[in-house]
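These notes are about the structure you will find just below.
The values are calculated or read from the model by the stated rules, or taken from the named source; none is laboratory data. It should be emphasised that the depicted structure is a prediction, and the values quoted were computed from it without experimental measurement. Neighbour counts run over all protein chains shown; Cβ positions are idealised from the backbone, glycine included. Surface accessibility is based on the protein's heavy atoms, side chains included, excluding ligands, DNA and RNA. Shrake-Rupley method; radii C 1.70, N 1.55, O 1.52, S 1.80 Å.
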Amino acid sequence: MSPSGQNNLASMYSSLALPKSSYNVLSAFCTEDNIPQCISYINQEIASLGLSSTCMEAGSAEGASLSTVPALNAMYELLQAHRRSRCSLEELERDQLKSSSTLEHMQISNSRLKDQLELSKREKSGLHETERQLQLKIRTLQSCLKTEKDEVQKLQSIIASRASQYSHDSKRKERECTKLKERLGQLLIDKRDKKLAIDVLNYLGRSDGRRSQWKTAKMGASHEGEMYKSLLNDYEERHSALMLENAELKKVLQQMKREMVSILSPRKPCSRGAHADDSYEQAGSDREEEEEVGGPSRETLDQSCEHAKEQLTNSIRQQWRRLKSHMERLDSQASLVQTQQQQSGKEAVPREIHNEEMERMRLEVQQCKDFIHTQQQLLQQQLNSSFDDETAALLNDCYTLEEKERLKEEWRLFEEQKRNFERERKNFTEAAIRLGHEKKAFEEDRASWLKNQFLNMTPFVDRKRQSLSDSQSSALSIKSEPEVRVSYTPTQLTKSSTYATFSTPKAAHSAGVPSTAELYRTLRLIPDSSSPRHSKRGSWQESSTIQAADALVNSKHRIRYGELSIFSVGKDENSLT
Amino acid sequence: MNFSEVFKQSNQLCKISPDGKYLATCVQYRLVVRDVNTLQILHLYTCLDQIVHMEWSSDSLFILCAMYKRGLVQVWSLEQPDWHCKIDEGSIGLVSSRWSPDGRHILNTTEFHLRVTVWSLCTKAVSYIKYPKACQKGMDFSRDGCYMALAERRDCKDYVSVFVCDDWHLLRHFETETQDLAGLEWSPNGCVLAVWDSCLEYKVLLYSLDGRLLSTYSAYEWSLGVKSLTWSTSSQFLAIGSYDEKVRILNHITWKKITEFEHPATVNNPKAVVYKEVERRPTVASDDLSIHNISMGSTLFNTQSKCAAKDKETGDLRDCYFKVMLCKSKFGGKRNSFIKASPLLLWPALDEIYQPPVQIPVVKPDPDRANPKIGVSTLAFSSDSRYLATKNDSMASVVWVWDMQKLSLEAVLEHTSAVRCFQWDPRRPRLALCTGNAKLYLWSPAGCVSVQVPTEGGFQVQSLSWHCSGDSLILLGKEQLCLCYMDTDQEDN
């Protein structure tokens, strides 16, 4: 829609709005008087608007009446048109607002950009200016530098010329000076300066007491000689001092070398294990070195010898290198261990290794066992299954041989045991015989004792008793005791016998048949009741001494006796309690 | 430690005879010879004019007195007091006079270094040596007195002449590779001659006795070079002090540098001990009083001045406590007064021992002036060559002591004023120094001591020299002198 249209609309609005607002006022658009004019006007207007203007005309004939339908239609259309126009107007207004705002925005941005442009332009110009200035400066500085350089050169040349001038001048002056001096000297000499004199009361003797000598060529030569002598002395002194120092240093070197060798040599095996490749070489050189070290006297003899010196230093160097490498190795090892330790805790490391080792060994054992097992199985299978006779025979042979060996061994053992038993039996029988003898003696004793008792009643007791005790053996002297203590009973006696070192026949008798332990004790195979507390060996020795008659005493027997002795001791204790 | 009374002297001319028996002092135109022990005057000689230079002959039998202005040298004998000898150099003038090592010849250097005149006292013979060079140290006798090296200048070239002192026979004459020879010095064993160039060039040349060039040493170029040079008593080391504030030590076998000692403004070496003197004024009145008492007293008496009582807040009793006593002379009938001061300021008298790093005061030299006050100007080895004492001119109040065994800094002695003079004990590793005040400073490996010289009227120690036995020291003031006796056995009171 063109702006003119808009304007029309606006005017229409205003024209429409005005009458509406001023309807009640006199100057209204339509009054009772001017209806037809109004109608016609409206018709015209409507027609001008492109609507059907006829709607109004129908009623125009009758004056004020208005045909409603077309009027309403027209009105409706007008309203519609009005609404549409309003809508479009609103839309247009909105559009306008939008566009205006965008326009404004654009304008602002435009202005800003313009500003920026201006600024950058200004900046550019400024930079251009500074560049120009800088270039100018550079130019001036370059020129300055050039001039400075020139100056320096000039100055240097001036300095050089001045120096040469100065040196020249100084030389000249010096020459002049010397000339003057000479002249002065000459003049002074020519003048025969009377004052120049020495006035001495009497001449002095020389401080060394000698008289002064004439200057001769010989004197000069002797002076030369003196000088060289003193120089020579000095050199000799220095030489000897250096020799001394050298010797000292050499000694230190030797010692160092020896110590190095001693330090390094015990490490050889381990180093060989660790580094097989260079250890051989090392060992070789070591041997060389040791040989060298072996002859220190030789070294000292030709200490000054160039060759020996070289050798010494070389060997030292070698040793030192080796020591260094060794140290480095140690260092690296240490660092490795450290890192390992750092990785896993301090205690965990050995345990882990241990566990690992254990596991490995267990595995190995298992493997071995399995291996054996399978071997056995295989053997069994081989034995069971039908295979060729030769191998079977061989195997059989093998087995029978083994069996035979074992049997032989067992047989030997058996034989030994048998022999032992035999011996024991012999001992036993001997003991029994002895016992029998003793029993017999005892019986006799008893008889005699009864006889004595009987005779005691007679008045000749004392005499007979004495004669009897004389005739008795020492072993049986105990019997005199019961004689004193008449109230003794046999049971008491048995008890006392356990205390006593010897088992008396009386006790045996009272016990009736002697027990095995008692028998052994009698045979002194076991120590008496007090001694088992002591060392077993003592008891064995005791038994062995007693059993001197028997040729062999087996270790087995000994053990057995030991066991027995313990057993018997227990028995004794039982009896005691 | 005892101090003698004060004697007069002039021109700081006071020397102990080489045998250590006599003390010769000059007072104006008089020469006074005393016994060192009793300080009694043994001889008194009168010269023709004010004595400018005095020197003992090597056998301690003669004394040379030179009066340069008049071109006169007078020689006096101790054995025959009426014997005299007068040498007149005449109109040619005299700038230096010295004994030859045999004590029978006198070497006079004439004005403008025209020549060196050798006067024999045995034969009256005169010989001339022409073209001596005027330089820092142009003449040196070997320690055994056999040879003399003399720097010469002919045709704008440096030469060295070696003479046999016995009969002044010219043994060697050789040109040196120097621009402008500044000095020469024999090694103590007399076999090597060190020659150094002027400060414009760092160059040290080592010549054998027979004139062969043994070695050349140059530490750097294009800068001021050697300032001082000294041999160790063992001839083992050659110490070279230079303008770059360093001391370089050369060895005697390869003549290469062993080490160099720097003199930094900040001492960082934690092993070095730094002694720093701090001004702490004890009450002067009591000192004066005690001295006054002594001067008044005619009989033996003791005066004790305990400034410490007054100075308690400082807390340092040792710093200001000393005892002064007048005692009778042990020698002869004549009463001689010794002023005994003991116990003196004891270790560590130079105040607290500082732990490095310590800042040392440095005076920046004026670069526009010639001979700038910078660089190592003084070097001295101890008698056993164990220690080296050095002084850097830009730190004039500091003396550095170096250990030659460890080749490291041993001690730094910082004083309140510039060190005037230092000298090693000829027997022990003990260093005596003075700074132009009334104190004597001693350093030994055990520590440091400073002693107030208990004399009247502000005795300022300008210079000092040891007795050859190392038991006593001569302290020289401006117009006075006094002897200081070191007592090792603490004989107190």
Exercise. Which of the residue pairs A:K179/B:K124; B:K157/B:K364; B:K391/B:K478; B:K257/B:K478; B:K15/B:K69 have a Cα-Cα distance greater than 32 Å in the structure shown?
Worked result: B:K157/B:K364; B:K257/B:K478
For this session: Please give the FRET efficiency for A:I263 paired with A:R360, using the beta carbon to beta carbon distance and R0 = 45 Å, rounded to the nearest 0.05.
Result: 0.80
Exercise. Using the Kirkwood formula over every pair of different C-alpha atoms, what hydrodynamic radius in Å results for segment B:154-196?
Worked result: 11.4
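What average count of beta carbons from other chains do you get within 10 Å of the Cβ of residues in B:206-214? Let's see the in-between values first.
Numbers: counts 0, 0, 4, 5, 5, 1, 1, 0, 0.
Average per residue, whole number: 2.
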Seminar exercise, completed: Here, segment A:62-125 modelled as identical Cα point scatterers in vacuum has Debye log10 I(q)/I(0) at q = 0.23 Å⁻¹ of -0.92
For this session: Quick one: grab the alpha carbon gyration tensor of segment B:375-493, order the square roots of its eigenvalues as a ≥ b ≥ c, and give me rounded if a/c is under 1.5, else prolate or oblate depending on whether a/b is larger than b/c.
Result: oblate
Exercise. Using just the C-alpha positions of segment B:109-239 as equal point scatterers, what log10 of I(q)/I(0) does the Debye formula give at each q in 0.11, 0.14, 0.20 1/Å?
Worked result: -0.38, -0.61, -1.18
Seminar exercise, completed: Quick shape check on segment B:1-68: root eigenvalues a ≥ b ≥ c of the Cα gyration tensor, a/c under 1.5 is rounded, otherwise prolate if a/b tops b/c, else oblate, and it reads oblate
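Using the Cα atoms of segment A:63-186 to build a convex hull, what is its mean projected area in square nanometres?
Working: hull surface 64.9 nm².
Quarter of the Cα hull surface area: 16.2 nm².
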Problem set entry | Prolate/oblate/rounded call for segment A:115-172, Cα gyration tensor, a/c under 1.5 rounded | prolate
Exercise. So what is the orientation-averaged projected area of segment B:1-135, using the convex hull of its C-alpha atoms, in nm²?
Worked result: 9.0
Exercise. How would you order A:98-111, B:167-180 from highest to lowest mean count of nearby Cβ atoms within 10 Å?
Worked result: B:167-180, A:98-111
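Please compute how much accessible surface disappears when A pairs with B, both sides summed, using a 1.4 Å probe, and round it to the nearest 100 Å². It would help to have the intermediate numbers written out before the result.
Values: alone 47460 and 22330 Å², together 65730 Å².
Approximately 4100 Å² gets buried when A meets B.
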Exercise. How long is the gain from A:Y166 to A:I108 if the chain were fully straight, where each residue apart is worth 0.36 nm and the alpha carbon distance is subtracted?
Worked result: 12.7 nm
Exercise. What is the sum of charges around B:F261, taking Lys and Arg as +1, Asp and Glu as -1, for the other residues whose C-beta is under 14 Å from the C-beta of B:F261?
Worked result: +1
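Given a Förster distance of 60 angstrom, what is the FRET efficiency for B:W222 paired with A:A247, based on the Cβ-Cβ distance and rounded to 0.05? Before the final figure, lay out each step's value.
Values: r = 45 Å, r/R0 = 0.75.
Once the sixth-power term is evaluated, E becomes 0.85.
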